[in-house]
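K.L.:
Take a look at this one; I'll ask things after.
The values are calculated or read from the model by the stated rules, or taken from the named source; none is laboratory data. Predicted model only: the values in this text are computed from it and were never measured. Ideal geometry is used to build each Cβ from the backbone, glycine not excepted, and the neighbour counts take in all protein chains shown.
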2 protein chains.
Amino acid sequence: MRRFDTYTLWSLRGTLVLFVALFGIANVRAQDPLPSWNDGPAKQAVLAFVKDTTDKSSKKYVEPADRIATFDQDGTLWTEHPLYGQAAFALARVGEMAPSHPEWKQKEPFESVLARDNAAMSKFTEADWMQIIAVTHAGMSTEAFQGLVKGWLANAKAPRFDRPYTDLVYQPMLEVMKYLRTNGFRTFIVTGGGQEFVRVYSEQVYGVPPEQVVGSSIATTYVNTNGKPVLMREPKPFFIDDGPGKPIGINLFIGKRPSAAFGNSAGDTQMLEWTQSGDGAHLMMLVLHDDAKREYAYGPAANLPDTHVGTFSEALLTEAKQNAWIVVSMKNDWKRIFPFDE
Amino acid sequence: MRRFDTYTLWSLRGTLVLFVALFGIANVRAQDPLPSWNDGPAKQAVLAFVKDTTDKSSKKYVEPADRIATFDQDGTLWTEHPLYGQAAFALARVGEMAPSHPEWKQKEPFESVLARDNAAMSKFTEADWMQIIAVTHAGMSTEAFQGLVKGWLANAKAPRFDRPYTDLVYQPMLEVMKYLRTNGFRTFIVTGGGQEFVRVYSEQVYGVPPEQVVGSSIATTYVNTNGKPVLMREPKPFFIDDGPGKPIGINLFIGKRPSAAFGNSAGDTQMLEWTQSGDGAHLMMLVLHDDAKREYAYGPAANLPDTHVGTFSEALLTEAKQNAWIVVSMKNDWKRIFPFDE
């Protein structure tokens, strides 16, 4: 065995120090779990929350079984402007079904949909939408409905971006979801939208399995004909998972209070309140749509009129300030909006 | 290094063979995942199901994400005779609340409860029970309700066995649940009983976390007073997870079809049908209460009158035979009934 002289040993030591330094830096860079976030209070809040909840010596430590994070979908995980994806699906279905419903040409709300009268559609009431949902989302089995959603997703293109709706998901939020899961959290979608609709793509798009999607639902009936049972979707609402319905849905479906909740509109207020009022660590975040260049600006960030989309209102901004909820500026906090952005 | 002569080597080899043989046998014994089951078609069916669903080369292989098993509770996981645990809780609550309700002494169904008139109680209608549930299970927050259930569980004793209700769980079923979980299945309780009631003890007693308990529920309302939000339990039913409600609840809460389902009464029929009609491997089992000596005999196994308890009827036994569902005889298939049995 060759013996090293002092010079060789020192040289080796130097190389080692340099190697560790370089490797250490490279490693820290490679390990940034939120690369699409600009450094700032929002990013720091997520990092601090994970540190606190997973550090056994912290007073804010949360047992793995209780690590629950809930995410609104429309406007929080994917683009909701100018129309919810699910509303676009419903309107497309009206068009497809129209040939078998000649009476729709003289019957609202269908008449306006078929005439593509955006001004009239923007004034649709909840009852109008319920009529549209009833004919487009019901009267079929759950499997048949899932098939329709799959077919639509494969072909529909969102306005402005001319891409599938499922492309318009927010890369920084995907990173937060993944980072939380890596740290033992289970990520749930808690959406005012249709539970059965979102479940069709939640696993593939968000990494959230169907059983972790809580949403609004319509009544189903069990029908067993000749040993081939199906669940038939009925044209009546069963559960509205919005506003106060969100904590109700969380308790019903999960039975545990989240430690972290993410939303973007007035319909998420109660979910954030509910999260904040639990024991231990909390993280409450709201996505503010203030980036007209890369996505859309609406709510308090623009003078766009509120449509049926439950936007981030001035009132919500006030409550967020009072409760120290973290408002994420898409413009300032996010380096990248969509996975396809450079 | 000392060299071994031939004799020593042969002797070592013999010892090794003996060791492997002994260790192998001991290991197989230690690894019997269902030690409380007598060998027979029921035990073999469970073992074959797990082998098929977890063997990638099997046509019946099930992806880990889709490994779902659902279990009825009353009469399937714990004793339901002569009264459901939750009914006993409700009756005890009536007794506790009676001093503040002097009018109950002349008002049915409370009068019969307070008089411990078992004959009258056995004739209670669903409306009678709903009245009892309304006063005993509602008008309080979810947290307050959980506290009441905890308190009752800690003190109440089941008839005949004079033990806490949560002692009267079936050891063979605990073994099946654990065996399935060890093999990547998620075990869900799908009960006609109260979801919020069962969630109080499901983790401790069955190893099933609250979010994997699907059950009947009453409506809740979100009330936020001074930043201290609560969910108030209202005296009206929200969802009845029984009969056709079981597949509906499974679709609603899980969004996946189970590969295995376990029940014991007519209220489980549709859950088993739903499980059987899915793709891939299935296991459908019904627990038959035919052991008057160690537990109770009722349903087709005895001439006990059907009470409000949804028993295993002759009609169910016929359907089980037609569909090749496996009927588990507590008397013949189970070596041990309760964990406390010798």
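K.L.:
Please verify whether B:R199 is under 14 Å from the mean Cα position of the chain (by Cα) and under 23 Å from B:G263 (Cβ atoms), treating the condition exactly as stated.
P.N.:
yes
K.L.:
Would you pick out the residues in region B:214-241 that are within 17 Å of A:P247 (Cα to Cα) and assigned to a loop (DSSP other than H, G, I, E, B)?
P.N.:
Correct list: B:N226, B:G227.
K.L.:
The conditions are (1) under 27 Å from A:V213 (Cβ atoms); (2) exposed (fewer than 14 other Cβ atoms within 10 Å of the Cβ); (3) acidic (D, E); (4) modelled with pLDDT of 95 or more, and A:E103 fails exactly one of them. Which is it?
P.N.:
For A:E103, the failing item is (1).
K.L.:
Taking A:A119, is it small (G, A, S) and closer than 24 Å to A:I337 by Cβ?
P.N.:
no
K.L.:
For B:R163, are the conditions met, namely being touching a Lys or Arg at 6+ places or on another chain (Cβ under 7 Å), among the basic types (K, R) and buried (at least 20 other Cβ atoms within 10 Å of the Cβ)?
P.N.:
It is false that B:R163 is touching a Lys or Arg at 6+ places or on another chain (Cβ under 7 Å), among the basic types (K, R) and buried (at least 20 other Cβ atoms within 10 Å of the Cβ).
K.L.:
What helices (runs of 4 or more DSSP H), lying completely within region A:242-342, carry at least 2 residues that are under 24 Å from A:F49 (Cβ atoms) and modelled with pLDDT of 95 or more?
P.N.:
Correct list: A:245-253, A:269-276, A:330-333.
K.L.:
To continue, here is another question. Six or more apart or on different chains, Cβ under 9 Å: which pairs go from a residue in region A:274-289 that's within 14 Å of chain B (Cβ to nearest Cβ) and in contact (Cβ under 8 Å) with a residue 60 or more places away in the chain to one that's of a type in the set (D, E, K, R) and surrounded by 18 or more Cβ atoms within 10 Å (Cβ to Cβ)? Could you list them?
P.N.:
If the second residue must be of a type in the set (D, E, K, R) and surrounded by 18 or more Cβ atoms within 10 Å (Cβ to Cβ), the pairs left are A:T275/A:R257.
K.L.:
Now for a different question. Looking only at region B:255-265, count how many residues are within 13 Å of another protein chain (Cβ to nearest Cβ) and closer than 11 Å to B:T187 by Cα.
P.N.:
Residues flagged as within 13 Å of another protein chain (Cβ to nearest Cβ) and closer than 11 Å to B:T187 by Cα within region B:255-265 amount to 2.
K.L.:
Being among the aromatic types (F, W, Y) and outside any loop (DSSP other than H, G, I, E, B) is the filter here; which residues of region A:50-81 pass it?
P.N.:
Within region A:50-81, A:F71, A:W78 meet the criteria.
K.L.:
Can you name the residue in region A:106-134 that is under 23 Å from A:I218 (Cα atoms) and among the polar types (S, T, N, Q) and, of all such residues, is surrounded by the most Cβ atoms within 10 Å (Cβ to Cβ)?
P.N.:
The residue in question is A:Q131.
K.L.:
Kindly list the number of the only condition in (1) surrounded by fewer than 21 Cβ atoms within 10 Å (Cβ to Cβ); (2) more than 13 Å from chain A (Cβ to nearest Cβ); (3) not aliphatic (A, V, I, L, M) that fails for B:G299.
P.N.:
It is condition (1) that B:G299 fails.
K.L.:
When the residues of region A:118-162 are filtered to those that are within 14 Å of another protein chain (Cβ to nearest Cβ) and among the β-branched types (V, I, T), which remaining residue is nearest to A:G207 (Cα to Cα)?
P.N.:
A:V149
K.L.:
So, in region B:210-219, of the ones that are farther than 17 Å from A:E211 by Cα and crowded, with 19+ Cβ neighbours inside 10 Å, which residue ends up nearest to the chain's Cα centre (by Cα)?
P.N.:
Going through the qualifying residues, I end up with B:S216.
K.L.:
I'd like to verify a number: residues in region B:52-64 that are within 14 Å of chain A (Cβ to nearest Cβ) and either touching a helix residue (DSSP H, G or I) at 6+ places or on another chain (Cβ under 8 Å) or within 18 Å of B:V176 (Cα to Cα) (or both), how many?
P.N.:
1
K.L.:
Another question, if that's okay. Which numbered condition in (1) more than 9 Å from chain B (Cβ to nearest Cβ); (2) at pLDDT 95 or above; (3) surrounded by fewer than 22 Cβ atoms within 10 Å (Cβ to Cβ) is the only one that A:L180 fails?
P.N.:
With respect to (1) more than 9 Å from chain B (Cβ to nearest Cβ); (2) at pLDDT 95 or above; (3) surrounded by fewer than 22 Cβ atoms within 10 Å (Cβ to Cβ), A:L180 is out only on (3).
K.L.:
Pick from A:E196, A:E203, A:E211: which is in a helix (DSSP H, G or I), within 13 Å of chain B (Cβ to nearest Cβ) and in contact (Cβ under 8 Å) with a residue 12 or more places away in the chain?
P.N.:
A:E196
K.L.:
Could you check region A:148-197 and list, in sequence order, the residues that are in contact with a helix residue (DSSP H, G or I) (Cβ under 7 Å, 6 or more places away or on another chain) and acidic (D, E)?
P.N.:
The answer is A:E196, and nothing else.
K.L.:
While we're here: Within region B:186-209, can one find any residue that is surrounded by fewer than 16 Cβ atoms within 10 Å (Cβ to Cβ) and in contact with a Lys or Arg (Cβ under 6 Å, 6 or more places away or on another chain)?
P.N.:
No, that holds for no residue.
K.L.:
Next up: Take the residues in region B:240-254 that are at the interface with chain A (Cβ under 9 Å from one of its Cβ atoms) and closer than 19 Å to A:K256 by Cβ; name whichever of them is farthest from the chain's Cα centre (by Cα).
P.N.:
In this case the residue turns out to be B:L252.
K.L.:
Somewhere in region B:163-177, is a residue more than 10 Å from chain A (Cβ to nearest Cβ), assigned to a helix (DSSP H, G or I), acidic (D, E) and closer than 22 Å to B:G75 by Cα?
P.N.:
For region B:163-177, residues more than 10 Å from chain A (Cβ to nearest Cβ), assigned to a helix (DSSP H, G or I), acidic (D, E) and closer than 22 Å to B:G75 by Cα: present.
K.L.:
Let me ask something else about it. Just one of the numbered conditions (1) more than 9 Å from every other protein chain (Cβ to nearest Cβ); (2) farther than 26 Å from A:S277 by Cβ is not true of B:P235; which one?
P.N.:
Answer for B:P235: the failing condition is (2).
K.L.:
For A:K105, indicate whether it is more than 29 Å from B:N251 (Cβ to Cβ) and more than 25 Å from the chain's Cα centre (by Cα).
P.N.:
In short, yes.
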